[in-house]
Amino acid sequence: ITMPSSSRPLLLLLILAGLISSAYCDDDDDVLTTQLNNGLRIPLVGMGIGNLRYDLIPQVVSANLMPSQDMRLIDTAHASNNEQILGQAVAEFDNGANNNRGTRGGGHNPPALHVVTKVWYTHLGYERTKLSVTESLNNLVLWGNTRQIYVHMLLHWPRCNDEIEWMNCEEEENNLPQYVKYAGPPPHLDKENAWKGSWRALEDLYTEHAFEREKADGVIITKPIIASIGVSNFELDDMKVLMEGAKVRPHLYQGNSWLIFHDPYLMNLLREHHILFQSYAVISGIIQRRQDSPSAFHILSTLAHELRATIQSSSQYNKRKEPVITEATLLLAYCIHSDIGIVPRAAAEDHQHENSPFSIKAVVQHLTPDHIGKLERAIPALMKGEELHTSVSFMNALDSAIHIHWLNPETKEEVLVSNIHPGSVEVHTTHPGHRFVAYDKERRMRKEFLVEAGYGEDQFFEVEL
């Protein structure tokens, strides 16, 4: 009998609680979206450009807006100082020579673009936040009025924290332009309350854009529209305070992928209030730890190979538009299947393809409960850098002792690993595909056992020679 480990991570519970993922493909263009708690739909797959080199942004944006990639959401931040570069890159793509190279030309407006951006902790407080948001909206205005921009405005952090090595509260305050200082008091001097004023500012700005949100249904508005508001990097206690005092509850929460499995209380709160979790650091936090947990990464590699073969043999497979399916694609697809938004950053073209909505959707359509179960075991192990083993249990059902040997797969040498008394059970860690041999006390009877369980799974053998 093969069974998974008894402890299952949080996401499986989330999936079972919801029965199925609410990820949804819009009928007109098959884009994976989900519904926010304000009724608006947002793409689940995005790309991050927050720390991307300025000179790379136009090329990366142009490549990902092409129909072959079909990116509909881009994540950045006011503190990254690239919102204006992003707006210019989108406008140049829509107005330039790209219209003659397989884009949606021919007089049709391109699809709406969703932009997630954030208010930095130096701009916390009511007036400073309104100033930051105004600057972000102005930066994202597209000359030529080519497509609608929906902005999802978040508070980047609840406060500046000098205990975090790279945060320098007083120094950053001193370096601000004078007009920002005039706008409101220094937030690092009121760390418990400054963000509360910021949230009131976001609520007011969100309310002011209500008419534009209604009018934009099918009509391009000349300016970016605040589609939702939310927070990033807020811990549980701050989220509880926010939920108690908010007139408009957050629509979106952006956080590190680590939280998905290791902060069940925060994840439960978000689920209770139907707040979409959007994850950053998915690749860097998981895939890049492959050397620390090769057995867990082996699960991803095996599943990626299986899914490539499945997709290539399906009736919908098209060689001219072939999805790129790697371990990273599988990981991102798992998040989408679980109704978690993703914003991976990629400058290299090959990584952009494996992170694309097209490739991710191909995997999502073929994920099975068995795939999900294996991923539930592999992903937390990769996050922690822990090795996964296969556990085998041997129960002696005879009236006399038995001897269990491990069969070396290379030398075929039989290595004694345990003597088991009648009615007793012993457990060993091993690897999938390995074999064990059981002998009775007189070695007159011999029986082999093949380990069919995968990494992170258990297998039980009842020895009856």
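The values are calculated or read from the model by the stated rules, or taken from the named source; none is laboratory data. From a predicted model like this one, the values you see are computed outputs, not experimental measurements. Using ideal geometry, Cβ is built from the backbone for each residue, glycine included, and neighbour counts are taken over all protein chains shown. SASA here: full protein model, heavy atoms, side chains in, ligands and nucleic acids out. Shrake-Rupley method; radii C 1.70, N 1.55, O 1.52, S 1.80 Å.
Quick notes
- Aspartates and glutamates whose Cα lies under 12 Å from that of residue 223, excluding same-chain neighbours fewer than 8 positions away: 212
- Restraint check, 130/240; 118/215; 118/181; 130/384, Cα-Cα greater than 28 Å: 130/384
- The Rg/Rh ratio of the stretch 134-223, with both radii computed over alpha carbons and Rh defined as the Kirkwood radius, is 1.06.
- Placing one equal scatterer on every Cα of the stretch 264-332 and applying the Debye formula, the log10 ratio I(q)/I(0) at q = 0.16, 0.23, 0.27 Å⁻¹ is -0.76, -0.96, -1.09.
- Förster-model FRET efficiency, 35 Å R0, residue 447 and residue 310, C-beta, rounded to 0.05: 0.50
- For the stretch 392-435, projected area of the alpha-carbon convex hull averaged over all directions, nm²: 3.1
- Partner aspartates and glutamates for residue 321 [C-alpha distance under 18 Å; skip if fewer than 8 residues away on the same chain]: 29, 30, 70, 349, 350, 354
- The chain: antiparallel DSSP beta bridges as a percent of all, rounded to 5: 45
- Taken over the chain, the convex hull of the Cα atoms encloses 179 Å³ per residue.
- Solvent-accessible surface of the stretch 285-399, averaged per residue with a 1.4 angstrom probe and all protein chains in place: 43 square angstrom.
- The stretch between residue 268 and residue 189 holds 25.3 nm of extra length on full extension. This uses 0.36 nm per residue minus the Cα-Cα distance.
- Solvent-accessible area, 1.4 Å probe, carbon plus sulfur percent, for the chain: 49
- More than 23 angstrom apart: percent of Cα pairs within the stretch 322-465: 52
- When +1 charges are put on Lys and Arg Cβ atoms and -1 charges on Asp and Glu Cβ atoms, the dipole computed for the chain relative to its Cα centre reaches about 860 debye.
- On the principal axes of its alpha carbon atoms, the stretch 348-422 extends 61, 29, 24 Å, with the longest extent given first.
- Kirkwood-type radius of the stretch 214-347, with distances r between different C-alpha atoms, in Å: 17.7
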